[in-house]
1. The conditions are (1) β-branched (Val, Ile, Thr); (2) buried (at least 17 other Cβ atoms within 10 Å of the Cβ); (3) free of Cβ contacts under 8 Å to residues at least 60 places away in the same chain, and Thr252 fails exactly one of them. Which is it?
2. Could you please give the count of residues in the stretch 410-455 that are farther than 19 Å from Ala55 by Cα, of a type outside the set (Gly, Ala, Ser) and open to solvent by 30 Å² or more (accessible area, probe 1.4 Å)?
3. Which of the following residues is at pLDDT 95 or above, open to solvent by 10 Å² or more (accessible area, probe 1.4 Å) and over 18 Å from the mean Cα position of the chain (by Cα): Arg160, Arg182?
4. What pairs come out if I take residues in the stretch 219-239 that are on the phi > 0 side of the Ramachandran plot and pair them with residues that are at pLDDT below 95 and of a type outside the set (Lys, Arg) whose C-beta lies under 8 Å away, six or more apart or interchain?
5. Any idea which of Thr48, Thr113 is touching a Leu at 6+ places or on another chain (Cβ under 6 Å), surrounded by 23 or more Cβ atoms within 10 Å (Cβ to Cβ) and of a type in the set (Ser, Thr, Tyr)?
6. Filter the stretch 91-104 down to the residues that are within 22 Å of the chain's Cα centre (by Cα) and aliphatic (A, V, I, L, M) and list them by number.
7. Filter the stretch 122-133 down to the residues that are open to solvent by 10 Å² or more (accessible area, probe 1.4 Å) and within 21 Å of Ser54 (Cβ to Cβ) and list them by number.
8. Can you confirm whether Ser174 is without any contact (Cβ under 8 Å) to a residue 60 or more places away in the chain and under 19 Å from Thr113 (Cβ atoms)?
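The values are calculated or read from the model by the stated rules, or taken from the named source; none is laboratory data. Being a predicted model, the structure only gives us computed values, none of them experimental. Ideal geometry is used to build each Cβ from the backbone, glycine not excepted, and the neighbour counts take in all protein chains shown. For accessibility, only protein heavy atoms count, side chains too; no ligands or nucleic acids. Shrake-Rupley method; radii C 1.70, N 1.55, O 1.52, S 1.80 Å.
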Amino acid sequence: MNDPRRLRLVVTTLSTLLAAAAVMPAALSAADGDFLGSGGLAFDLGGTQADAGSAVAVQPDGKMVVAGTVATGASSWTLALARFLPDGSLDGSFGSAGRVINPFALGPNQTGTAILRVANGKLLVAGSLDYGSGDQDFYVGRLLDSGAADPSFGLWGTGRNGVAFDLGDDGTDSLAAMTLDRSGRILLAGSVDISATDIDFGVARFTPDGLLDNDFSGDGKQTVDIAGAADLALAITDSNSGIVVAGTTWSTALGGNFDIALARLTANGSLDGSFGTGGTVAWSFNGGGTNNDIAWALGVWPDGEIVVGADHAIGAGTWTWSLMRFAANGTLISDVLGNFCNPSPPCPGSRQESPRALLLQGDGKILMAGFGLGVAGNSDFGIARYSRDLVADTSFGGGDGALTYDFAHGIGADNDHGTALALDRDGRIVVAGSAEWNGLDTDFAWARFDSAYIFADDFEWPGGWSRWSVVVP
């Protein structure tokens with residue numbers, strides 16, 4: 001398992017840019033979307049060696065933290081994090097040589113799904129705890145700047161807390177997203193098992209210190225039924241108009257398929273009856289193939305308008321991403337279908353494009369990241385930038401508003417999946433996820449791209465952050 005090729009830190013840099021990065025923005029000669037340097041990390045702790053980054057946060061000092069899940073043996077996995085200095089090297093002051101593994105010393109298998117930066121250099125992380133036989137719970141924990149568990153958070157000095165919905169069937173409650181509300185309270189969202197034929201959106205709220213907030217729905221948790229079958233929550237954000245959750249819901253139309261689903265909750269956890277039908281919206285594209293439509297990422301502008309990043313099946317084994325605008329009352333305003341690799345370079349014959357994170361910039365632009373098929377036919381990181389009215393930003397990505405990036409990291413098919421998005425202290429774009437080494441063997445990966453977005457701190461619109469990742473003031 002300790003193949004020297006695999007234990008190395010894979011870091012490729014443009015040295016002059018990165019030397020300057022510690023004190024100033026990237027050189028003005030770089031164009032928006034230009035690649036500025038990448039990093040990857042192989043944990044390789046055992047089993048299938050499947051290490052996948054899921055979330056990223058950038059600290060005020062420019063350090064980047066990637067969180068995710070790593071294999072610890074056959075059919076076992078745990079939360080892991082890695083922190084990188086602005087020049088791309090591992091930060092030796094974090095954990096053990098820049099890496100933290102299972103910081104809460106949890107026995108059950110656990111996923112690392114979300115990360116948020118909070119005050120005093122601390123980090124919130126969240127995911128799912130798996131007890132076996134399908135039984136899973138949400139959890140949230142807080143780390144000190146050193147990477148150690150923060151004993152002042154959660155219960156019993158452990159630095160973490162959890163929530164068990166346990167409403168039916170085998171108790172599979174799976175976390176997908178985390179954000180903070182405007183009072184610093186922690187919102188978790190995911191999917192909650194109700195019965196053998198019913199799954200609902202699940203939302204839980206914790207106090208800033210990690211205790212379940214009983215002012216939310218009476219016990220700190222709420223479920224939302226969209227259509228009486230499988231409802232999967234995949235993104236959450238807080239806004240002036242309420243707590244918005246996005247995902248997908250099972251429809252019996254066309255023989256059965258998934259549709260876009262939205263819900264809005266008030267601050268006390270009840271459904272907002274002024275939104276959609278009784279607080280929920282279901283929307284179908286039905287473009288072909290499986291006809292599945294899935295919302296993965298979410299943001300809300302200050303006036304309550306909602307932006308959703310989704311993918312839609314459009315044929316056999318083919319799907320594409322879209323950006324969608326919903327009014328504050330839940331009515332669809334407009335949408336646009338796109339891809340990460342057209343027109344230059346051209347997309348392969350079978351498009352497989354999916355967004356996984358988005359940010360609403362303070363200048364009114366929408367930044368989105370995910371993955372799609374590159375010219376070689378393998379999956380690559382994808383980034384796109386659009387205006388608020390869903391017009392491609394021609395100053396980005398070579399003139400068509402989108403780009404792909406291939407890590408060319410391994411010896412196999414080299415499939416790379418971008419799942420998280422952040423802006424660094426200089427406004428540059430950081431995308432994190434996983435890069436394939438060979439087959440099931442994947443590694444944490446991140447890449448940085450140039451952007452002309454110049455801002456003061458607190459640059460994003462409140463409520464304008466992505467599914468898994470956010471820079472929180």
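1. Thr252 satisfies all of (1) β-branched (Val, Ile, Thr); (2) buried (at least 17 other Cβ atoms within 10 Å of the Cβ); (3) free of Cβ contacts under 8 Å to residues at least 60 places away in the same chain except (2).
2. Residues flagged as farther than 19 Å from Ala55 by Cα, of a type outside the set (Gly, Ala, Ser) and open to solvent by 30 Å² or more (accessible area, probe 1.4 Å) within the stretch 410-455 amount to 5.
3. The match here is Arg160.
4. These pairs meet every condition: Gly228/Asp198.
5. Result: Thr113 is the single residue among Thr48, Thr113 that is touching a Leu at 6+ places or on another chain (Cβ under 6 Å), surrounded by 23 or more Cβ atoms within 10 Å (Cβ to Cβ) and of a type in the set (Ser, Thr, Tyr).
6. Val100, Ile101
7. The answer is Lys122, Asp130, Tyr131.
8. yes
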